């Protein structure tokens, strides 16, 4: 039902000019209960798109509908629904997901010639539920901006404190399965240490590798493109 375009019938107001109880109807959908979120005054009948499905603690299932073109992520949806009294969300599935992270690099000293150009290595991590090497990242939390999310996730997953480099922000939109639409935002960040402490609940392994090795280890074309773009900025510094 996620991403379905539906016609809604307003049943009542839950938050003035923002959230309404409604009934959804569409192709293969008949009188499905839900919440309609809108920052504008709504008509009794209106069209929208299902951006989330929630299961409440009493087992009731509800659709979360917004006007077409509006994007909301899980933290925002949870925050709005939390304003309704006596509602406890047991499970939520969202159409849109957003995560932020960074290509983390470290400049090491050339032991044979300390005055030579420093060797650069990039941090790759492997998630517990993944088989491929990539970069540390995680989901945006409520009230965070993109850089705050990236810094927090890097710290949580690797234990590293990093500095984000200006002039690098790359966005990747993809649908890995089903209809869920994911957006990943990556920055470039420098670490002054290689002392990684992995978050075992999220990360199964990590490596520091030189740029050429990273290109070989990464399986996804988009990750390789990110490394190439990062390399240009790193070489300029």
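Bear in mind these aren't lab numbers, they're just calculated from the coordinates by the rules spelled out. None of these values were measured; they are calculated from a predicted model. Every residue, glycine as well, gets a Cβ built from its backbone with ideal geometry; the counts of neighbours run over all protein chains shown.
Computed over the alpha carbons of the stretch 98-236, Rg followed by Dmax gives 14.8, 53 Å. Axis angle, to the nearest 10 degrees, between helix 146-158 and the longest C-alpha principal axis of the chain: 60 degrees.
Mind sorting 19, 11 by how few other Cβ atoms lie within 10 Å of their own Cβ, fewest first?
Details: 19 19, 11 15.
Placing the least packed residue first, the sequence is 11, 19.
Per 0.36 nm of contour for each residue apart, how much would the distance between residue 131 and residue 18 grow if the chain were fully extended, relative to their Cα-Cα spacing? Spell out each step's value before the answer.
Values: separation 113, 0.36 × 113 = 40.68 nm, distance 4.20 nm.
Contour length minus Cα-Cα distance gives 36.5 nm.
Measuring r between the beta carbons of residue 82 and residue 215 and using R0 = 45 Å, the FRET efficiency lands at 0.50.
With one equal scatterer per alpha carbon and no solvent term, the Debye-computed log10 I(q)/I(0) for the stretch 1-78 at 0.12, 0.14, 0.15, 0.16 1/Å reads -0.28, -0.38, -0.44, -0.51. Sorting the Cα pairs of the chain by distance into bins of 5 Å, from 0 upward, gives 1, 6, 12, 15, 15, 11, 9, 9, 8, 6, 4, 2, 1, 1, 0, 0 percent per bin. Rounded to the nearest 10 degrees, the inclination of helix 221-236 to the longest alpha-carbon principal axis of the chain is 50 degrees. Test of understanding: in a Gaussian network model of the chain with alpha carbons linked when under 10 Å, which of 187, 18, 36 would top the mean-square fluctuation ranking? Taking springs between Cα atoms under 10 Å, the residue moving most is 18. Here the contact order of the stretch 98-236, divided by its residue count and restricted to Cα pairs under 8 Å and six or more residues apart, works out to 32 percent.
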